[in-house]
Amino acid sequence: MTAVPRIGNLINGEWHFDGTEREVLHKYTGEVLAIAHDATPAQVTDAVTAARKASESPLNPYQRFEILSKVADAIARDKERLALEVCRESGLTLKDCLGDMDRAVETMRTSAEEAKRITGEMVPIAGAPGFAHRMAFTVRYPVGVVGAITPFNSPLNTVAHKVGPALAAGNAVVVKPSPFTPIAAASLCTMLLEAGLPPGFIGLLLGPGDPVGTSLVDDERVDFFTFTGSTATGKAISARLGMRRGTMECGNVSGTIVCADANVRDAAEQCARGAFRKAGQVCTSVQRLYVHADILEEFLGHLTTAASTLVVGDPEDTATDIGPMISEAAAKRAEEWVNEAVAQGARLIHGGQRDGVAFAPTILTEVPSDARVVCEEIFAPVVSVIPFKDFGEALRVVNDTPYGLQAGIFTRDLNQALEATKRLRVGGVVINSTSSTRADLMPYGGVKDSGYGTEGPKYAAREMTEERLVLLEPAKDGDR
Ligand code: NAD
């Protein structure tokens, strides 16, 4: 029998295995995959101390480019093994995880490229009255130490989206991943060290949000926080930051609109993917679907057909489309919200069943507007289809939520598409695809309760710098 591997806390290039033990489970079989050790309070302090020291001698941009490029190559080379590792600890299907590895390669490669491009700007200072003889420009310097706190639902690529830009910008970074999924984060740290990153530039702290995450947040020597997770946690972290800056990538109750002139089959098939992939555990998952009343029946037919072809089960089986949810508690919550909506008058068109930790792809209609399935983030494979007649009303209801991450609209009418881009108050409007569409290089981030700040290596790296003005004035002639 092979021993269960241990995952420790990474401090100044050394792994420490002395904190409280926590089992990391296979999310489908329940098998113990690894024993992770929670970081002790002293280890949180030590990881920040090591990062602080490293940040005093930043790597030059070409060194950062080379290291991040090597990590991109390493992920590509080891894609199958890493995908299986992520599949087991997160429950995401192997198919989804292989896709996520390709995305993580892109995230690291784009971060590597950005390391060489970070720049300030010329300031047209000569145009100011009395400044004609001066020159000015800005330079972007690393903030110093970046703290990164990440969720369970894309455990390698989300960490890559924090670590890649933070290092590209010349910072040291300390990562606190979700206690559900520490294995991928540890693998990424190992790859960074193997690629030649000097030890203090990457730290890893394992354990729960409180006390490990809170202690990291409360350490004033961490200059910047990059967080992805729920809105409640984002607000709690934000409140503790004081004058320190951060990026909060939080939750959403994503809306997508399907207009009467859309390609109905294509829209329904895309919406099925956007609602059910990763068991709906995606921040932009299609949760509220506003469909023009004239095409409702046809759309529901295609959506139900697409849902009924999806295989729910063992995520390691390449035939599986929907794996388990992150925990049985999460699956039970989804079941409770669906049952509650049905009791409130919603009609269950498809799915609704829970089998242990797995939840079937579920389609609801006639959902009351105050049901939790449309008001709160469900983070499960559940979509509510709501008919509309008036396009302006559809835009209004998509906006009628505290959140604002991304929205989608299917239409061939350019004016409607443009109207949506003007009126939807979200970080991104996707035309002829769903709210759940993302390329890793694009700017990505929400407004309102979905958070603030922008991800995507170019944008994140920029946020993790301080811009400093340099103003040049010729020295005066003469000896004194
Ligand atoms: P979560 O908020 O429960 O946890 C996220 C991380 O924060 C974990 O590492 C957790 O340990 C830590 N944490 C919890 N409380 C903390 C505290 N008080 N101080 C410091 N750290 C703390 O989120 P989750 O359940 O892991 O992930 C699901 C959520 O993430 C969903 O709401 C989803 O929408 C969101 N998400 C958002 C995006 C985005 O880009 N906007 C992307 C993925 C996921």
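Determine, for each peptide in 241-247, 251-257, the mean count of other beta carbons within 10 angstrom over its residues, then list the peptides with the highest first. All intermediate terms of the calculation are to be shown ahead of the outcome.
On the way: 241-247: 15.6, 251-257: 27.9.
Most protected by this proxy first, the peptides run 251-257, 241-247.
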Counting only DSSP beta bridges with both residues in segment 255-431, tell me the antiparallel percent, nearest 5.
20 percent
Quick one: accessible area per residue over segment 166-215, 1.4 Å probe, rounded to a whole number of Å²?
21 Å²
For the residue pair residue 6 and residue 194, what label-to-label distance in nm results when each label sits 7 Å from Cα along the Cα-to-beta-carbon direction?
2.1 nm
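Could the peptides 129-140, 221-232, 433-444 be put in order, highest first, of the mean number of other beta-carbon atoms found within 10 Å of their residues? Before the final figure, lay out the partial values.
Numbers: 129-140: 12.7, 221-232: 21.6, 433-444: 19.3.
Most protected by this proxy first, the peptides run 221-232, 433-444, 129-140.
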Segment residue 63-residue 442, extension gain: residue separation times 0.36 nm, minus the distance between their alpha carbons
134.0 nm
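Rounded, prolate or oblate, given the Cα gyration tensor of the chain, with a/c below 1.5 counting as rounded? Can you show the working numbers first?
Numbers: a/c = 2.16, a/b = 1.31, b/c = 1.65.
It comes out oblate by the Cα gyration axes.
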Using only the alpha carbon atoms of segment 221-291, find the Kirkwood hydrodynamic radius as the inverse mean reciprocal pair distance, in angstroms to one decimal.
14.4 Å
Could you give the angle, 0 to 90 degrees to the nearest 10, between helix 414-423's Cα long axis and the longest principal axis of the Cα atoms of the chain?
60 degrees
For residue 418 and residue 117 in one chain, what is 0.36 nm times their gap in residues minus the Cα-Cα distance, to one decimal in nm?
105.1 nm
Let me know the shape class of segment 284-363, please: from the alpha-carbon gyration tensor, a ≥ b ≥ c as square roots of the eigenvalues, rounded when a/c is under 1.5, otherwise prolate if a/b is greater than b/c, or oblate.
oblate
Which of the three applies to segment 179-307, rounded, prolate or oblate, going by the alpha-carbon gyration tensor with a ≥ b ≥ c and a/c under 1.5 meaning rounded?
prolate
Report, in listed order, any pair from 95/278; 53/235; 422/448; 95/176; 176/458 with a Cα-Cα distance greater than 20 Å.
53/235; 95/176; 176/458
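Measuring with a 1.4 Å probe in the full set of protein chains, what accessible area per residue, in whole Å², belongs to segment 255-431?
On the way: 6960 Å² over 177 residues.
Spelled out: the 1.4 Å probe surface of segment 255-431, per residue, equals 39 Å².
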Compute the acute angle (0 to 90°) between the alpha-carbon long axis of helix 182-194 and the principal axis of greatest extent of the alpha-carbon atoms of the chain; round to the nearest 10°.
30 degrees
The FRET efficiency for residue 265 and residue 389, from their Cβ-Cβ distance with R0 = 22 Å and rounded to 0.05, is 0.50
Working from Cα positions, state the angle (0 to 90°, nearest 10) between the long axis of helix 328-343 and the longest principal axis of the chain.
50 degrees
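The values are calculated or read from the model by the stated rules, or taken from the named source; none is laboratory data. Model, not experiment: these values are computed from the prediction. Neighbour counts are summed over all protein chains in view; Cβ atoms, including those assigned to glycine, are modelled from backbone coordinates with ideal geometry. Quick note on the areas: whole protein, heavy atoms, side chains included, nothing else; ligands and nucleic acids left out. Shrake-Rupley method; radii C 1.70, N 1.55, O 1.52, S 1.80 Å.
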